[in-house]
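S.K.: Have a look at this one.
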Amino acid sequence: MHSSCEVKSGKRFLIFWGMVLFLSLVVADQLTKYFVVANSDLLYSSPLTIIPGCMNIVTVRNTGAAWGMFHGNNVVLLTVAVIALVIFTALFRSITEWYPERVFGFFMILSGIVGNSIDRIFRGSVVDFLDFYVKSWHWPAFNVADSAICIGVTIIIFSTIFRAARQSGTQG
């Protein structure tokens with residue numbers, strides 16, 4: 001059995017490193033967007049090739065959600081983000097169950113919501129710049145915040161599936 005002190009210490013450890021991850025991702029998101037905005041004139045005329053035939057840095061302003069859905073609804077989407085942030089945070093314990101990977105996934109999702117919300121508030125739109133493509137087919141441009149959300153959600157889903165499978169496999 002773990003003592004109450006050990007459990008509290010472990011939770012504090014997870015929260016501390018979750019906050020470090022959160023702050024690191026928000027800073028990385030905002031710094032990369034700052035670079036893109038500062039160089040937007042150049043990037044509009046000529047994307048920066050990172051991997052020829054596969055990846056460019058571009059500049060796209062998005063007042064919608066993923067893949068440009070709900071274009072022009074910046075205020076509504078900001079409101080939805082704030083509500084989601086509040087609800088998601090209120091459900092922290094039930095979502096994470098204090099599993100380390102879920103705690104980190106949780107903070108990744110929060111960082112993405114906050115990163116894109118900062119854009120909506122201070123830039124009037126979300127700055128997207130990662131352009132992956134094959135020949136003439138381009139995946140919709142995205143950013144560090146979008147990546148953090150997707151990776152965080154994936155971590156939580158996989159953790160939920162594999163921990164449930166492991167538990168049911170050992171109890172049968």
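S.K.: From LEU25, LEU31, grab the single residue that is modelled with pLDDT of 95 or more and within 15 Å of PHE142 (Cβ to Cβ).
M.R.: On inspection, the qualifying residue turns out to be LEU25.
S.K.: Moving to a separate point now. Does the stretch 47-54 include one or more residues that are surrounded by 14 or more Cβ atoms within 10 Å (Cβ to Cβ) and either in a helix (DSSP H, G or I) or within 17 Å of the chain's Cα centre (by Cα) (or both)?
M.R.: The answer is no, given that none of the residues of the stretch 47-54 is surrounded by 14 or more Cβ atoms within 10 Å (Cβ to Cβ) and either in a helix (DSSP H, G or I) or within 17 Å of the chain's Cα centre (by Cα) (or both).
S.K.: From (1) without any contact (Cβ under 8 Å) to a residue 24 or more places away in the chain; (2) under 22 Å from PHE106 (Cβ atoms); (3) loosely packed, with under 15 Cβ neighbours inside 10 Å, pick out the condition that doesn't hold for ALA65.
M.R.: Failed condition: (3).
S.K.: Which of the residues that make up the stretch 85-95 are without any contact (Cβ under 8 Å) to a residue 60 or more places away in the chain and either surrounded by 12 or more Cβ atoms within 10 Å (Cβ to Cβ) or under 15 Å from the mean Cα position of the chain (by Cα) (or both)?
M.R.: Answer for the stretch 85-95, where residues must be without any contact (Cβ under 8 Å) to a residue 60 or more places away in the chain and either surrounded by 12 or more Cβ atoms within 10 Å (Cβ to Cβ) or under 15 Å from the mean Cα position of the chain (by Cα) (or both): LEU85, PHE88, THR89, PHE92.
S.K.: Evaluate the stretch 131-140: report whether one residue or more is touching a residue at least 40 places away in the same chain (Cβ under 8 Å) and assigned to a helix (DSSP H, G or I).
M.R.: No, because not a single residue in the stretch 131-140 is touching a residue at least 40 places away in the same chain (Cβ under 8 Å) and assigned to a helix (DSSP H, G or I).
S.K.: Can you pull out the residues in the stretch 17-50 that are of a type in the set (Val, Ile, Thr), free of Cβ contacts under 8 Å to residues at least 40 places away in the same chain and in contact with a strand residue (DSSP E or B) (Cβ under 9 Å, 6 or more places away or on another chain)?
M.R.: THR49, ILE50
S.K.: Just one of the numbered conditions (1) within 17 Å of the chain's Cα centre (by Cα); (2) not in a helix (DSSP H, G or I); (3) not hydroxyl-bearing (Ser, Thr, Tyr) is not true of VAL82; which one?
M.R.: (2)
S.K.: Of all residues in the stretch 141-172, count the ones that are assigned to a helix (DSSP H, G or I), over 19 Å from LEU21 (Cβ atoms) and aliphatic (A, V, I, L, M).
M.R.: 3
The values are calculated or read from the model by the stated rules, or taken from the named source; none is laboratory data. Worth saying up front: this structure is predicted, and the values here are computed from it rather than measured. Quick reminder, even Gly has a Cβ in these numbers, built from the backbone with ideal geometry, and neighbours come from all protein chains shown.
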